[in-house]
């Protein structure tokens, strides 16, 4: 009713995708997060929320064990969020930690413990 690019619609898509991600419905989450990312890339290409959207999509792909596709999205998403952390509303700053732990989990699941350790260090240093 409000339109696909209305902030309330985007927030609802984000919330629904997050629920699917937490429930392990990674394919459903991926579909929503792909749509979500396209909207953010058009509406706010340099906003922290666009990078958060990338991280969410990456996490949904990692949950499907599509590590090669997930890695650049998670890395770019976390780096973008870290660079813009001052612009993230306080209630959402915990999402930087969540996205960072998602990268660590990606590398652990992928059998790359050295990369997981590298990211743990980066996240602790920030």
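Structure notes:
- Residue count, the stretch 62-90 (criterion: more than 22 Å from residue 122 (Cα to Cα) and assigned to a helix (DSSP H, G or I)): 1
- Lone unmet requirement of (1) at pLDDT below 85; (2) closer than 17 Å to residue 101 by Cα for residue 24: (1)
- Check on residue 34, touching a residue at least 12 places away in the same chain (Cβ under 8 Å), under 29 Å from residue 125 (Cβ atoms), assigned to a helix (DSSP H, G or I) and under 14 Å from the mean Cα position of the chain (by Cα): no
- In the stretch 99-118, of all residues being in contact (Cβ under 8 Å) with a residue 24 or more places away in the chain and part of a helix (DSSP H, G or I), the one that is farthest from residue 38 (Cα to Cα) corresponds to 109.
- Of the residues contained in the stretch 53-66, one or more are found to be free of Cβ contacts under 8 Å to residues at least 60 places away in the same chain, surrounded by 14 or more Cβ atoms within 10 Å (Cβ to Cβ) and more than 21 Å from residue 115 (Cα to Cα).
- Test set (1) at pLDDT 95 or above; (2) assigned to a helix (DSSP H, G or I) - residue 53 fails condition number: (1)
- Here residue 86 clears all of (1) in contact with a helix residue (DSSP H, G or I) (Cβ under 8 Å, 6 or more places away or on another chain); (2) surrounded by fewer than 18 Cβ atoms within 10 Å (Cβ to Cβ) except the condition numbered (1).
- Exclusive hit being at pLDDT below 95, within 23 Å of residue 94 (Cβ to Cβ) and in a helix (DSSP H, G or I), set 11, 29, 59: 11
The values are calculated or read from the model by the stated rules, or taken from the named source; none is laboratory data. Quick caveat, the model's predicted, so the values are computed rather than measured. Cβ coordinates were reconstructed from backbone atoms using ideal geometry, including for glycine residues, and neighbour counts include every protein chain displayed.
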